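Notes follow the structure.
The values are calculated or read from the model by the stated rules, or taken from the named source; none is laboratory data. Computed from a prediction, not measured in an experiment: that's the story for all the values here. FYI the Cβ positions are ideal-geometry reconstructions off the backbone, even for glycines, and counts take in every protein chain you see. SASA here: full protein model, heavy atoms, side chains in, ligands and nucleic acids out. Shrake-Rupley method; radii C 1.70, N 1.55, O 1.52, S 1.80 Å.
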Amino acid sequence: MTSPAPTVLVFLDPAFENGRIVDPSQPQLMATDLGATRGDGVFESLLAVEGRARKVQAHLNRLGTSAEALDLVIPAQDAWRRAIDTAITEFRSTHPAPTPAEDEVVVKLLVTRGVEGAAGSTCWVQASPSPAGSRRQRETGIDVVLLDRGFDTDAGERAPWLLLGAKTLSYAVNMAALRYAHKQGADDAIFTSTDGRVLEGPTSTVLLAHLETADDGTGSKTIRRLITPQLDSGILPGTSQGALFAAAKAAGWELGYGPLVPQDLFDADAVWLISSIRLIAPVNHINGREIGTVAMRKQLTAELNELFAGIE
């Protein structure tokens, strides 16, 4: 039996301004909490590098949007910020990283509807080490399969109770998709809609890039174009995608928002799955077909990593 990963838990409690640190080896959640019995809640995951949490405001904004979609009342953002700082500080002091390169902490913000029959939500921050596999996939890339999500791109607008644009605790389908992908010999998956559009990964946002050479009258010019699926197609708005798009625009990249079909992925010079924990993972193959070339994937991934490194 393997030992659990080191974890720090900080509950948001009005009696504790900076959050209440609890013993993670002891029971903390009631068995009747609706987060456990029904997956009724929302969450966010962010990365802290060398003690600094990244994209905190974007994650807090999305947490609030998800909570609103579920009619959940959650603490103010300042309370979350203090609890995040407490969790990161406590984790790094009790579980110091072996090297600066490994000083990454995964921080999760979790909200459940609380104990069934009682008023008030249950809110806490969890800090744990970054998975070694995440760093490896950033460097070596991943193989992906396309999976039918079972919804068309208008489902989110037509049926808002499906909560397609919210980051909820109900992740059983997402995890089942990853297990299915692993059984097919792949590392991850990209969902497609029933009307044939590219959506997102189970835990990530899809990006693709094209390099084009054009003549602007003064000579040839390389145009870099970064594209992601339409955000109104029932997918979760990616905080990492949004931050990277802002940095890419400032660096002169052209930006695009779908609609995308699977052939667009196969025709791209490079494809990535991007998320707050794994960061930018280049896609080597989709359904067994190579995407771009090794040289092009490495070049464009290096350029995007440089842009992303400057994001707070």
Practice problem: Kindly check whether there is at least one residue in region 107-118 that is open to solvent by 20 Å² or more (accessible area, probe 1.4 Å), over 25 Å from S25 (Cα atoms) and among the acidic types (D, E). | Solution: no
Exercise. Inspect all residues belonging to region 27-43 and state whether any of them is without any contact (Cβ under 8 Å) to a residue 60 or more places away in the chain, within 14 Å of C123 (Cα to Cα) and assigned to a loop (DSSP other than H, G, I, E, B).
Key: no
Self-check item: Complete set of residues in region 227-256 that are without any contact (Cβ under 8 Å) to a residue 60 or more places away in the chain, in contact with a helix residue (DSSP H, G or I) (Cβ under 8 Å, 6 or more places away or on another chain) and surrounded by 15 or more Cβ atoms within 10 Å (Cβ to Cβ)
Solution: I227, T228, A248
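Test L178 against the criterion of being part of a strand (DSSP E or B) and closer than 22 Å to I280 by Cα, and give yes or no.
No: the conditions fail for L178.
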Quiz item: Of the conditions (1) out of contact with any strand residue (DSSP E or B) (no Cβ under 9 Å at 6 or more places or on another chain); (2) at pLDDT 95 or above; (3) farther than 30 Å from V49 by Cα, Y180 fails just one. Which one is it?
Solution: (1)
Practice problem: Return the pairs, sorted by first residue and then second, in which the second residue is among the β-branched types (V, I, T) and open to solvent by less than 80 Å² (accessible area, probe 1.4 Å), the first residue lies in region 12-26 and is outside any loop (DSSP other than H, G, I, E, B), the beta carbons are less than 6 Å apart, and the residues are 6+ apart or on different chains. | Solution: N18/T86; G19/V10; G19/T86; I21/V10
Quiz prompt | Residue among P282, P259 that is outside any helix (DSSP H, G or I) and either of a type in the set (K, R) or open to solvent by 60 Å² or more (accessible area, probe 1.4 Å) (or both) | solution = P259
Quiz prompt | Residue count for region 285-312, restricted to those that are in contact with a Phe, Trp or Tyr (Cβ under 8 Å, 6 or more places away or on another chain), outside any helix (DSSP H, G or I) and within 18 Å of I227 (Cα to Cα) | solution = 2
Quiz item: Of the conditions (1) aliphatic (A, V, I, L, M); (2) within 30 Å of V271 (Cβ to Cβ); (3) in contact with a strand residue (DSSP E or B) (Cβ under 8 Å, 6 or more places away or on another chain); (4) open to solvent by 40 Å² or more (accessible area, probe 1.4 Å), A101 fails just one. Which one is it?
Solution: (3)
Quiz item: more than 23 Å from L163 (Cα to Cα) and touching a residue at least 60 places away in the same chain (Cβ under 8 Å) - does that describe any residue in region 65-72?
Solution: no
Quiz item: Across region 191-225, what is the total count of residues that are in contact (Cβ under 8 Å) with a residue 40 or more places away in the chain, in a strand (DSSP E or B), touching an Asp or Glu at 6+ places or on another chain (Cβ under 8 Å) and open to solvent by less than 40 Å² (accessible area, probe 1.4 Å)?
Solution: 8
Exercise. Please work out if V144 is without any contact (Cβ under 8 Å) to a residue 60 or more places away in the chain and open to solvent by less than 20 Å² (accessible area, probe 1.4 Å).
Key: no
Quiz item: Q230 is checked against (1) closer than 20 Å to D148 by Cα; (2) part of a strand (DSSP E or B) and fails just one. What number does that condition carry?
Solution: (2)
Quiz item: If only one of A31, A53, A5 is open to solvent by 20 Å² or more (accessible area, probe 1.4 Å) and touching a Pro at 6+ places or on another chain (Cβ under 7 Å), which one is it?
Solution: A5
